[in-house]
């Protein structure tokens, strides 16, 4: 899936991504970067609303997991189970969310478990960046349900 | 601040609240309930996008703290510092987020600290409900900066 295809998919299926004017900055097997402008995500202090930051980070992490599963020929339903956000600095301009697997995640074990049990869990993280500064950190645990349980 | 005034404030200052079609269900000193319809918050599985759920919960908690501080004549800048979400069940219809102070929060100590140091921290929680079922739990830690540091 290319960056343009992912962007279209998000805009078509998750209307909030369109309202937030999310765009796909880059897509790779190990990292997805989404970006969003300040204006549609602004708050009463003229910085990015925390809910927007968390939502874009969630989208980035979900997208990476969805794309990796598709690439591995394991179409699955991916559901977020829990997440946390640390807001480190206000963001007063356009921002990005860069998602990767959690460093402690065992991808091969996850894939084996998903194939064997039809259900497996994995953690991803995302970093929010604005004007060259790390402004927030997201961590999320996702559950994938295999083909039979789509 | 009435429910209508809060709704206008949110829609005017946080455009994402308008995009999510957030409405104020009820306002009280100890609880604020916000609601949102499914359609603008839907995901690719026809349930509420997790990012929308987290964003509405964040708004509810922020609103309660903002209103309590205003009522206590302590106008402050309120910033979210960290948050977590547990997603308990998919939401396939309109939903609400009901915010209260964290049961462990010490409101009087928070107010004293804010008055004395110009900065204090407090935790709030919010429950997401859909079709009579608890579908998620939000917990957030907020920092208030007093008048001098507005």
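Using a 7 Å offset from Cα along the direction of the beta-carbon, what are the separations from residue A:31 to the same position in each other copy, nm, ascending?
Distances to the matching label points in the other copies: 4.6 nm.
When you look at the Cβ of every residue in A:75-84, what mean number of other chain Cβ atoms sits within 10 Å? Please list the in-between numbers first.
Values: counts 0, 0, 2, 2, 6, 10, 5, 8, 8, 6.
What the average comes to for A:75-84 is 5.
Using a simple spin-label model with points 7 Å from Cα along the Cα→Cβ vector, what separation in nm is obtained for residue B:72 and residue B:102?
So the two model labels end up 1.5 nm from each other.
Suppose R0 equals 45 Å; then what is the FRET efficiency for residue B:89 and residue A:46 from their Cβ-Cβ distance, rounded to the nearest 0.05? Mind showing how you got there, number by number?
Working: r = 36 Å, r/R0 = 0.80.
It comes out at approximately 0.80.
Please average, across the residues of A:39-48, the number of beta carbons from any other chain that are within 10 Å of each residue's own beta carbon, and give a whole number. Before the final figure, lay out the partial values.
Numbers: counts 1, 4, 5, 4, 10, 9, 6, 1, 1, 1.
Per residue, the number of nearby Cβ atoms from other chains is 4 on average.
Return the FRET efficiency for the residue pair residue B:8, residue A:4: r is the Cβ-Cβ distance, R0 is 41 Å, and the value is rounded to the nearest 0.05. Numbers along the way, then the final one.
Working: r = 38 Å, r/R0 = 0.93.
FRET efficiency, residue B:8 to residue A:4: 0.60.
Provide the packing ranking of B:37-48, A:47-58, A:101-112, B:58-69, i.e. peptides ordered by the mean count of other C-beta atoms within 10 Å per residue, highest first.
Per-residue Cβ counts within 10 Å, averaged per peptide and sorted highest first, yield A:47-58, B:58-69, B:37-48, A:101-112.
Give the share of C-alpha pairs in each 10 angstrom bin for region A:1-100, from 0 to the last occupied bin, in whole percents, shortest bins first.
Per 10 Å bin, starting at zero, the Cα-Cα P(r) for region A:1-100 comes out as 15, 49, 29, 6, 0 percent.
What do you get for the angle between helix B:50-71 and the principal long axis of chain B? Use alpha-carbon atoms, 0 to 90 degrees, nearest ten.
30
Roughly how many whole Å is it from the C-alpha centroid of region B:120-147 to that of region A:1-55?
Result: 24 Å between the Cα centres.
Once you average over the residues of B:22-32, how many Cβ atoms of partner chains fall within 10 Å of each Cβ? Walk me through the numbers on the way to the answer.
On the way: counts 1, 0, 0, 0, 0, 0, 0, 0, 0, 0, 0.
The mean count of partner-chain Cβ atoms within 10 Å per residue comes to 0.
Computed from the coordinates by the stated procedures, all read-outs in this text should not be read as laboratory data. Every value quoted in this text rests on a predicted model; they were computed, and no experiment measured them. Every residue, glycine among them, receives a Cβ derived from its backbone with ideal geometry; neighbour counts consider all protein chains shown.
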